[in-house]
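Structure first, commentary second.
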DNA sequence: GCCAACGTTGGC
DNA sequence: GCCAACGTTGGC
């Protein structure tokens, strides 16, 4: 069971919106590397929701309730004929009970030195190694599973 | 295939 | 609001 970190702009869609909706299609990711990461996800995987802008922290935990699939709104193919834009469906699991998983705290913690959130600017979807997953959940006050 | 120009993201 | 970091586009 893998965990991914998904960025969202709070003006666009927040964890609170996911709680309100109960389920959503996680779309809008256009970056090739981010889409590649998303394609590696599987139904049942966990997703840490990270809000950019004025928040810059993990605000909640969600779960994939579908496999990745082609975005019906953007049925583009790559030159190799593969699906270019991938989406999946999410359901909320738990809201963060602590605001400790901030970007500042992540940057200050040497355990996250190689984490793509820090090393790869603008990447909006990335896998979270198990050790970092545990650390982030502890910092955000999220259930460990 | 190279690379300059341009657009976007997202922290500050 | 600024701009660094990056991806994409298009002329050649």
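Calculate, for residue A:17 and residue A:91, the FRET efficiency according to 1/(1 + (r/R0)^6) with r their C-beta to C-beta distance and R0 22 Å; round to the nearest 0.05. Computed FRET efficiency for residue A:17 and residue A:91: 0.95.
Counting beta carbons within 10 Å around each of A:139, A:38 and listing the fewest first gives the order A:139, A:38. Here the residues A:36, A:18, A:90, ranked from fewest to most Cβ neighbours within 10 Å of their Cβ, fall in the order A:36, A:90, A:18. Only DSSP H runs of four or more residues enter the estimate; each adds -39500 (n - 2.57), and after division by the residues of chain A the mean residue ellipticity at 222 nm equals -6500 deg cm²/dmol. Model label sites at residue A:83 and residue A:109, defined 7 Å from Cα along the beta-carbon direction, differ in position by 3.2 nm. Translational diffusion of chain A was estimated from the Stokes-Einstein equation, with Rh taken as the Kirkwood radius over Cα pairs; at 10 °C and 1.306 mPa s the coefficient is 104 µm²/s.
Residues A:37, A:55, ranked from the fewest to the most other C-beta atoms within 10 Å, line up as A:55, A:37.
Gain on full extension, evaluated as 0.36 nm per residue between residue A:73 and residue A:122 minus their Cα-Cα distance, stands at 15.4 nm. Between residue A:102 and residue A:30, the modelled labels are 3.1 nm apart [label points 7 Å from Cα along Cα→Cβ].
Bear in mind that the values in this text are calculations on the coordinates, not laboratory data. What you see is a predicted model; the values in this text were computed from it and never measured. Using ideal geometry, Cβ is built from the backbone for each residue, glycine included, and neighbour counts are taken over all protein chains shown.
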